[in-house]
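Trainee: Quick one: the structure is below, questions incoming.
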Amino acid sequence: MTTTTTSPIRPQKAGSPAIVPAAVLGDALRAEPLTCTIGAEVFNVDLGVAARDEALTREIRILLLKHRVLFFRDQDISRADHVAFARRFGELEDHPVAGSDPEHPGLVQIYKSPEVPNDRYENSFHCDATWREKPPFGCVLRCVETPEVGGDTIWVNMVAAYDRLPATVKKQIEGLRARHSIEASFGAAMPIEKRLALHAQFPDAEHPVVRTHPETREKVLFVNAFTTHFTNFHTAANVRFGQDYAPAASQLLHYLISQAAIPEFQVRWRWKKNSVAFWDNRSTQHYAVMDYPPCHRKMERAGIVGEATY
């Protein structure tokens, strides 16, 4: 099954061919689904061209909403074009912990190195920066260097994860809200003074456990590795006695977070140099698999500012 759209593109060839207008190429942009649930690989598009073409970015946005994560191979584009393409979808945000390219604010450098062994310990299914009051709209991630084998990334359709919950669980979590923390995640390994300063700069954000997607109106299961606890669980309807509050709430939260690990909701992408992934951060989670030996894995990510949850 394929999806085709009409858009101005530049064919993917060696060197630097000229831009070809839509009138010449016609139906050339092609998207091939990678699973029945999430993900599509997009062909015949140069993201450097898309960075300067409004019509093409509109086509890509349509595909993004449909497939939730899009993959592009052979994108030998500059950092400036990477940033410019992402800015087509909104303003970019910096990251308070991960380093950014000083010449391109908003382009976060996620570099794993064999010289820093403790830089490889953490991983989990997560939705980027839900510790913000306005989590990102999405992210554009480009592979600069990758191991020959290993280092794949998994994305998860959290709309499907919500849809497939038992009706009793859907009823139980309706109206629940939860806290998301940078202090308890990125800050956990910091000295206490830095950790508390990070928390002061970014207080825990509160989001609904079931979010409504602002464009598609779909319901999204919106808890992940940044989620620490429910904020309105302790009610007479949920708690018989005070002592059963903690296990009941924590077990429910653990169950909800574990839904991201179900393979039927996932797509797994094998990176190559100059591959790009563009995902809707509002309806997905992802997991960077750290199964590779000590070596360099260099990724560059542009995160796009999002909106408040509801």
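Trainee: Regarding region 2-11, can at least one residue be identified that is out of contact with any Asp or Glu (no Cβ under 7 Å at 6 or more places or on another chain) and either of a type in the set (A, V, I, L, M) or at pLDDT 95 or above (or both)?
Mentor: No, every residue in region 2-11 fails to be out of contact with any Asp or Glu (no Cβ under 7 Å at 6 or more places or on another chain) and either of a type in the set (A, V, I, L, M) or at pLDDT 95 or above (or both).
Trainee: Against the condition modelled with pLDDT of 95 or more and under 23 Å from residue 291 (Cβ atoms), how does residue 210 come out, does it pass? Before the answer, list the steps.
Mentor: Values: modelled with pLDDT of 95 or more: yes; under 23 Å from residue 291 (Cβ atoms): no.
Against the criterion (modelled with pLDDT of 95 or more and under 23 Å from residue 291 (Cβ atoms)), residue 210 does not qualify.
Trainee: Can you confirm whether residue 89 is closer than 25 Å to residue 178 by Cβ and modelled with pLDDT of 95 or more? Show your work before the answer.
Mentor: On the way: closer than 25 Å to residue 178 by Cβ: no; modelled with pLDDT of 95 or more: yes.
Against the criterion (closer than 25 Å to residue 178 by Cβ and modelled with pLDDT of 95 or more), residue 89 does not qualify.
Trainee: To continue, here is another question. Specify the residue that is nearest to the chain's Cα centre (by Cα); the eligible residues are those in region 154-184 that are of a type in the set (S, T, N, Q) and surrounded by 21 or more Cβ atoms within 10 Å (Cβ to Cβ).
Mentor: Ranking the qualifying residues of region 154-184, first place goes to 157.
Trainee: Which residue pairs have Cβ atoms under 6 Å apart, sit 6 or more places apart or on different chains, and have a first residue in region 256-275 that is of a type in the set (Val, Ile, Thr) and a second that is surrounded by 14 or more Cβ atoms within 10 Å (Cβ to Cβ) and part of a strand (DSSP E or B)?
Mentor: 267/155
Trainee: Restricting the search to region 229-278, which residues are under 30 Å from residue 145 (Cβ atoms) and out of contact with any Asp or Glu (no Cβ under 9 Å at 6 or more places or on another chain)?
Mentor: 260, 261, 263, 265, 266, 267, 276, 277, 278
Trainee: Then there is this: Within region 128-138, can one find any residue that is surrounded by 14 or more Cβ atoms within 10 Å (Cβ to Cβ), of a type in the set (A, V, I, L, M, F, W, C) and more than 16 Å from the chain's Cα centre (by Cα)?
Mentor: Checked region 128-138: no residue is surrounded by 14 or more Cβ atoms within 10 Å (Cβ to Cβ), of a type in the set (A, V, I, L, M, F, W, C) and more than 16 Å from the chain's Cα centre (by Cα).
Trainee: Considering region 188-204 alone, what residues qualify as being out of contact with any Leu (no Cβ under 8 Å at 6 or more places or on another chain) and either in a loop (DSSP other than H, G, I, E, B) or basic (Lys, Arg) (or both)?
Mentor: 188, 189, 191, 194, 195, 202, 203, 204
Trainee: Also, quick follow-up: Please specify each residue of region 190-237 satisfying the condition of being within 19 Å of residue 127 (Cα to Cα) and of a type in the set (A, V, I, L, M, F, W, C).
Mentor: Passing the criteria: 202, 205, 209, 210, 220, 221, 222, 223, 225, 226, 230.
Trainee: Which residues, counting only those in region 70-93, are of a type in the set (Asp, Glu) and either under 21 Å from residue 224 (Cα atoms) or surrounded by 21 or more Cβ atoms within 10 Å (Cβ to Cβ) (or both)?
Mentor: 93
The values are calculated or read from the model by the stated rules, or taken from the named source; none is laboratory data. As the structure is a prediction and not an experimental result, all values here were calculated from the model. FYI the Cβ positions are ideal-geometry reconstructions off the backbone, even for glycines, and counts take in every protein chain you see.
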